[in-house]
Amino acid sequence: MTLIDDKIYNILCIKPRGIGDIILSTIILDNLKSYFPFAKIDYLVDEFAKESLELNPLVNKVLTMAKNELSIKVALRLRKEKYDLVFDLWSNPRSAQITFLSGARFRVGFAYRGRKYAYNILAPSSRGDHHSAEHNLELLNAAKIPVISRNISFYNDEKSNLWAKDFIRDKVPENKFIIGIVPSGGWSSKRCDASKWVEICKSILLIYEAKFLILWGPGDEKDAEFINSNIPEHCILAPQTDLFRLAGLINNCKLVIANDSGPMHISVALNIPTLGLFGPTNPLMHGPYSEKSDYVFKDDLFCIVCNLQKCRYNHECFLDLSLEKILTKIDNLIIFNNLDISKK
């Protein structure tokens, strides 16, 4: 089936959850806007994730759905929007149902088992070995939409940026090199241990003059406070924030070190050099999507990239991660990005 370019006016992209996953999905937006310059592009996400797209100038409207809302109820709301084209970037059983019932003429999704009924334009079912951001582009390829951009994006508001600047001005000496520390992670297994974070920070301080800004969200409080309490003279503990204020704080960092998490992808989208710490997930598919950034993981560990939400062993993927390896990656990022940091 071929898309009729001049009759596509309303487009919906479905990516319900995962702040990082949603940000990576924005790789399609520049391409859609280039190919359909007069079309409106909406997004459907879970309620909690609305902020990840709310200020994106390429997104006309962000629709939300409740976690337990019936697919038919969601689809009936979508029918009122009269979408011509739906991209199911999630392609799980629920989003497939919603897409099928949306009333859109063209429905694009991945040909996963049991879901092909929902789409009349099918992308391959294979995950392949490419990054998750680029996996989204398979939907554009299936619809024969040219890929002219691989840009991912997150947009913040000026009020939050000004709040963050004021916070930093009050807490950090002028011109101090700020390194953002992000102990967040959707799974317990993705969280580098707080004791390891302290080791990492202390190792950096042996070489560089820096101040650490500890960035956290719900569920991260204990780890964030532990890191701060162990090196208080070198840390600033961020206050509780919303996503926009968190992004504002990230924007004030020269370098960010993060677990595989939504804030890691926000940092990359904001063009901040970012080092991702990885264990159970594959950095080749989920790592920082930027030439300015990098990742580190213990690739010789027998259980590395286990994809388990809880570790079956002793979290060796983080606890035994080489500090020398981490410092080498940091050195490389500082040199590559020409970052101005004083050495001791």
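The values are calculated or read from the model by the stated rules, or taken from the named source; none is laboratory data. Since the model is a prediction, treat every value here as computed from it, not as a measurement. Heads up, the Cβs are rebuilt from the backbone with ideal geometry, glycines too, and the neighbour counts pull from every protein chain shown.
Within region 56-76, identify whether any single residue is more than 26 Å from N271 (Cα to Cα), touching a Ser or Thr at 6+ places or on another chain (Cβ under 8 Å) and modelled with pLDDT of 95 or more, and answer yes or no.
Within region 56-76, one or more residues are more than 26 Å from N271 (Cα to Cα), touching a Ser or Thr at 6+ places or on another chain (Cβ under 8 Å) and modelled with pLDDT of 95 or more.
For region 291-344, give me the residue count where each residue is among the hydroxyl-bearing types (S, T, Y), crowded, with 17+ Cβ neighbours inside 10 Å and in a loop (DSSP other than H, G, I, E, B).
Within region 291-344, residues that are among the hydroxyl-bearing types (S, T, Y), crowded, with 17+ Cβ neighbours inside 10 Å and in a loop (DSSP other than H, G, I, E, B) number 1.
Looking only at region 33-48, count how many residues are surrounded by fewer than 16 Cβ atoms within 10 Å (Cβ to Cβ) and in a loop (DSSP other than H, G, I, E, B).
Final tally of qualifying residues: 2.
Every residue, every condition in (1) part of a helix (DSSP H, G or I); (2) among the acidic types (D, E); (3) assigned by TED's automatic domain parsing to the domain that holds P239, yes or no:
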position: H130; (1), (2), (3): no, no, no
position: I148; (1), (2), (3): no, no, no
position: S153; (1), (2), (3): no, no, no
position: L162; (1), (2), (3): yes, no, yes
position: P173; (1), (2), (3): no, no, yes
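I'd like the full set of residues that are buried (at least 17 other Cβ atoms within 10 Å of the Cβ), over 30 Å from E199 (Cβ atoms) and in contact with a Phe, Trp or Tyr (Cβ under 6 Å, 6 or more places away or on another chain), limited to region 153-187.
N156, S160
Considering only residues of region 112-129 that are closer than 23 Å to L85 by Cβ and among the polar types (S, T, N, Q), which is farthest from the chain's Cα centre (by Cα)?
Per the criteria, the residue is N120.
Can you pull out the residues in region 95-128 that are in a loop (DSSP other than H, G, I, E, B) and either more than 22 Å from I8 (Cα to Cα) or in contact with a Cys (Cβ under 9 Å, 6 or more places away or on another chain) (or both)?
Within region 95-128, A111, Y112, R113, G114, R115, P124, S125, S126, R127, G128 meet the criteria.
If H265 passes every condition in (1) of a type outside the set (K, R); (2) in contact (Cβ under 8 Å) with a residue 24 or more places away in the chain; (3) under 24 Å from N338 (Cα atoms); (4) assigned to a loop (DSSP other than H, G, I, E, B) but one, which one does it miss?
(4)
If a residue has to be over 23 Å from the mean Cα position of the chain (by Cα), assigned to a loop (DSSP other than H, G, I, E, B) and crowded, with 17+ Cβ neighbours inside 10 Å to count, how many in region 198-215 make the cut?
Selection size over region 198-215: 1.
Of all residues in region 197-235, which are of a type in the set (G, A, S) and closer than 19 Å to S342 by Cβ?
Passing the criteria: S203, A210.
Any chance you could count how many residues in region 110-126 are out of contact with any strand residue (DSSP E or B) (no Cβ under 8 Å at 6 or more places or on another chain) and either free of Cβ contacts under 8 Å to residues at least 12 places away in the same chain or of a type in the set (F, W, Y) (or both)?
3
Would you pick out the residues in region 276-290 that are closer than 15 Å to I334 by Cα and surrounded by 24 or more Cβ atoms within 10 Å (Cβ to Cβ)?
Selection gives G276 alone.
Among the residues in region 233-252, are any in contact with a Cys (Cβ under 9 Å, 6 or more places away or on another chain), at pLDDT 95 or above and not in a loop (DSSP other than H, G, I, E, B)?
Within region 233-252, one or more residues are in contact with a Cys (Cβ under 9 Å, 6 or more places away or on another chain), at pLDDT 95 or above and not in a loop (DSSP other than H, G, I, E, B).
Quick one: is K325 of a type in the set (K, R) and either at positive phi or at pLDDT 95 or above (or both)?
yes
Read through the list (1) crowded, with 17+ Cβ neighbours inside 10 Å; (2) over 10 Å from I27 (Cβ atoms); (3) in contact (Cβ under 8 Å) with a residue 40 or more places away in the chain, then give the number of the only condition that I148 fails.
(1)
Could you run through region 78-87 and say how many residues are surrounded by 13 or more Cβ atoms within 10 Å (Cβ to Cβ), part of a loop (DSSP other than H, G, I, E, B) and not acidic (D, E)?
The qualifying residues number 1.
Can you tell me which of K325, K254, K310 is over 14 Å from the mean Cα position of the chain (by Cα) and within 20 Å of D220 (Cβ to Cβ)?
K310
Of all residues in region 49-77, how many are within 16 Å of I8 (Cβ to Cβ) and in a helix (DSSP H, G or I)?
0
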